[in-house]
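Read through the structure below, which is laid out as structure tokens, and then see the notes.
The values are calculated or read from the model by the stated rules, or taken from the named source; none is laboratory data. Quick caveat: nothing in here was measured; it's all calculated off a predicted structure. Cβ placement follows ideal geometry from the backbone for every residue including glycine, while neighbour counts extend to all protein chains displayed.
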Amino acid sequence: MGKLSKFAIIQSFNHSVILLIMKLLSTHGLLMIFFLVIIGCENKEKKQEEKLQKEVLEVHDELMPRMQDIEQLKRELEKRKETLDSLADEQVALFNELINQLSQSGESMMDWMRNYSREYKDMKHDEIMDYLDDQKQKVEEAKEKINRAIEAAESELKEYD
């Protein structure tokens, strides 16, 4: 009987220990899974933010050399305007309009750059994504203005070559 009761005690003890270990693992395991899910979501959100920010900055980087093109075209238009006959008032007005469009398109890019901020520490993921979407739209609008103004100026200057 002594051996049987020792066996029963050991078996009961082992069973209790196993139940305790399972309970701890299930509680802490759930916490661990919860934290892994949270970390995984944060990483996914961060990657989405970084991807959209990269898209915004790619448009910016594409436009920066175009800013030099704007200044060059404005100088060319001014130079051509000086050589026009005083009777060419319509042509002078057209050149002035093209210079104005170039200036405004360049200013739209400068305005965007002055107002763009990479500081969104206090913002939630959805707010960051909304902000970056808005910024992407604004820089794309500046791109369209710049491209239209440059194309119009280049087209007009080709007629005088």
Identity of the residue in the range 77-86, touching a helix residue (DSSP H, G or I) at 6+ places or on another chain (Cβ under 6 Å) and either surrounded by 16 or more Cβ atoms within 10 Å (Cβ to Cβ) or not hydrophobic (A, V, I, L, M, F, W, C) (or both), that ends up nearest to E140 (Cα to Cα): L77
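Which is modelled with pLDDT under 80 and in a helix (DSSP H, G or I), of I39, I70? Reasoning before the result, please.
On the way: I70 fails: modelled with pLDDT under 80.
So the residue among I39, I70 that is modelled with pLDDT under 80 and in a helix (DSSP H, G or I) is I39.
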Options I150, I146, I128; residue that is within 20 Å of the chain's Cα centre (by Cα), surrounded by 18 or more Cβ atoms within 10 Å (Cβ to Cβ), of a type in the set (A, V, I, L, M) and closer than 27 Å to L84 by Cα: I146
Residue in the range 16-23 that is small (G, A, S) and either modelled with pLDDT of 95 or more or under 17 Å from the mean Cα position of the chain (by Cα) (or both) present: no
Counted residues, the range 127-139 - those being in contact with a helix residue (DSSP H, G or I) (Cβ under 9 Å, 6 or more places away or on another chain) and either farther than 11 Å from E49 by Cα or free of Cβ contacts under 8 Å to residues at least 60 places away in the same chain (or both): 4
Qualifying positions in the range 84-135 - among the polar types (S, T, N, Q), more than 30 Å from E159 (Cβ to Cβ) and in a helix (DSSP H, G or I): N115, Q135
Among the residues listed as I146, I128, the single one being in contact with an Asp or Glu (Cβ under 6 Å, 6 or more places away or on another chain), within 21 Å of V59 (Cβ to Cβ), of a type in the set (V, I, T) and modelled with pLDDT of 90 or more: I128
